[in-house]
Amino acid sequence: MNKNFNKKLSIVIPVFNEMESLEELNLRITKALSGLSFDYEIVYIDDGSTDNSFKILKKIKERNPKIKIIQFRRNFGKSAALNVAFKEANGDLIITMDGDLQDEPTEIINFIKKIEEGYDMVSGWKQNRKDPLIKLISSKIFNFTVSKLTKIKLHDFNCGFKIYRSEVIKNIEIYGELHRFLPVLAYEKGFKIGELKIKHNARKFGKSKYGKLGLRRIKNYLLDPINIILLTKYAKKPAHFFGNIGLLSFGLGSVFFLYLTILWLLGHRPIGNRPLLFLGILLIIIGIQLISMGFLGEIITRQNSKKEKIYYVKK
Ligand code: UDP
Ligand code: MG
């Protein structure tokens, strides 16, 4: 690592009922950072824990002034937790990691080295992932789909262990389940994304917050392809997304109408009782609705584009 490295590091950790892990985690992080010369802070977000996590975090903070704690009133989810922490973190480099000891703090230094190679964001890759088989399979499907749809060459989009230059996270708003798409959102804004193979541990204490089988997540996978398409290709031009489907529907309906009109002209009557007529009417109405929806979306995007930047200047 560059000896003149004088940047500040923020380590961001979302915590939801992880009380058994926190003391050991904090110890291991401070130990991993102790040999390094630069300043750091650790930002813990207690995402509405119902166990003693917050109490333990407060104890840890009393011993170390470099620690910040944010406490949610209830469980709002990992995306919300990261979103606030990103606003609170004031380091030049921001590391996110899980609070359950599955990520190894000794990798922090490797992430920094990788960033110094010229990346804006580096995502961890749990190559030898220590989780139940069903989770491994579903995450393989998820990563394959996202990678194919976005053309971003990452193996592990949803890895909780990542590093960002501060300008990346300051430019991204996440909510809902969007944390799983952070690399996609960053890539869309033109940031350079790298990957680092990391060691992964089995969960030592507590339970996965997404259920044993990861069902809470699998449910989302069905909507993910649509999410990605809307997020990347059409976020700034909804009229094209809805318009294209609308035009297709309208066009097909018109063809059926034309066909029936020709039949009518050729003397095939009546046509009023043909199922094709009703299908044609349905398709034309749906088409018009979708096209209008696209226009509405376009107007909303136009108004928002004044607030949200639509391009990013590097220098
Ligand atoms: N987490 C959170 N809010 C939630 C769910 C999870 O802050 O609603 C935290 C959790 O405490 C952990 C990290 O996000 O630090 C990853 O969660 P988990 O270990 O359950 O996911 P898995 O490793 O099973 O994918
Ligand atoms: Mg975990």
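Derivation of every value follows stated rules applied to the coordinates shown; laboratory data play no part. None of the values given here were measured: they were computed from a predicted structure. We place every Cβ from the backbone using ideal geometry, glycine too, and count neighbours over all the protein chains shown.
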Exercise. Name the residue, out of VAL84, VAL168, VAL12, whose mean-square fluctuation peaks in a Gaussian network model built on the chain with Cα pairs under 10 Å.
Key: VAL84
Practice problem: Mind telling me which of ILE198, ILE56, ILE262 comes out most flexible in a GNM of the chain, alpha-carbon contacts under 10 Å? | Solution: ILE262
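From the C-alpha coordinates alone, can you work out the Kirkwood hydrodynamic radius of region 41-106, in Å?
On the way: mean 1/r = 0.0792 Å⁻¹.
About 12.6 Å, per the Kirkwood formula over Cα pairs.
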Quiz item: In the chain, what % of DSSP beta bridges are antiparallel (nearest 5)?
Solution: 30
Self-check item: Distant-in-sequence amide H partners of LYS8 (H built 1.01 Å from N, under 5 Å)
Solution: ASP92, LEU93
Quiz item: With springs only between Cα atoms under 10 Å, which of LEU260, LEU182, LEU149 fluctuates most in a Gaussian network model of the chain?
Solution: LEU260
Quiz item: With θ set to phi - 60° and the Karplus curve 6.51 cos²θ - 1.76 cosθ + 1.60, what are the ³J(HN,Hα) couplings of region 109-121 in order, to the nearest whole Hz, using x for Gly and Pro?
Solution: 4, 5, 5, 5, 4, 5, 4, 5, 6, x, 8, 8, 8
Exercise. Would you calculate the separation in nanometres between label points at ARG28 and LEU277, each defined as 7 Å from the Cα along the Cα-to-beta-carbon direction?
Key: 7.2
Self-check item: Amide H contacts under 5 Å for ILE42, placed H, 5+ residues apart
Solution: ILE11, ILE67, LYS68
Exercise. Return the long-range amide H neighbours of GLU195 (sequence gap of 5 or more, or a different chain), with a cut-off of under 5 Å between placed amide H atoms.
Key: SER123
Exercise. Give the calculated FRET efficiency between PHE144 and PHE38 to the nearest 0.05, with a Förster radius of 45 Å applied to their Cβ-Cβ distance.
Key: 0.75
Quiz item: For the pair ASN64 and ARG302, how long in nm is the line joining their label points, each one 7 Å along Cα→Cβ?
Solution: 5.2
Quiz prompt | For region 6-11, 3J(HN,Hα) per residue [Karplus equation, 6.51 cos²θ - 1.76 cosθ + 1.60, θ = phi - 60°, Hz, x = Gly/Pro] | solution = 10, 8, 9, 10, 10, 10
Quiz item: Residue-wise, which Karplus ³J(HN,Hα) couplings in Hz belong to region 61-73, taking 6.51 cos²θ - 1.76 cosθ + 1.60, θ = phi - 60°, and x for glycine or proline?
Solution: 5, 4, 7, 9, x, 7, 9, 10, 10, 10, 10, 7, 5
Exercise. Would you calculate the separation in nanometres between label points at LEU247 and LYS87, each defined as 7 Å from the Cα along the Cα-to-beta-carbon direction?
Key: 4.0
Quiz prompt | Potential extension, GLU117-LYS315 segment - 0.36 nm per residue separation minus Cα distance | solution = 69.5 nm
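So what is the calculated 222 nm ellipticity per residue for the chain, using -39500 (n - 2.57) for each DSSP H run with n of 4 or more, over all residues, to the nearest 500 deg cm²/dmol? Could you put the intermediate results ahead of the total?
Numbers: 11 runs with 151 residues, N = 315.
Calculated from helices alone, the mean residue ellipticity at 222 nm is -15500 deg cm²/dmol.
Please work out how much length the chain gains when fully extended from GLU167 to ASN52, using 0.36 nm per residue of separation minus the C-alpha to C-alpha distance, in nm with one decimal.
Details: separation 115, 0.36 × 115 = 41.40 nm, distance 3.41 nm.
Residue separation times 0.36 nm, minus the Cα-Cα distance, leaves 38.0 nm.
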Practice problem: Working from Cα positions, state the angle (0 to 90°, nearest 10) between the long axis of helix 19-34 and the longest principal axis of the chain. | Solution: 70
Quiz prompt | Degrees, to the nearest 10: 78-88 long Cα axis against longest axis of the chain | solution = 60
Quiz item: How many angstrom lie between the C-alpha centres of region 109-143 and region 224-240?
Solution: 25
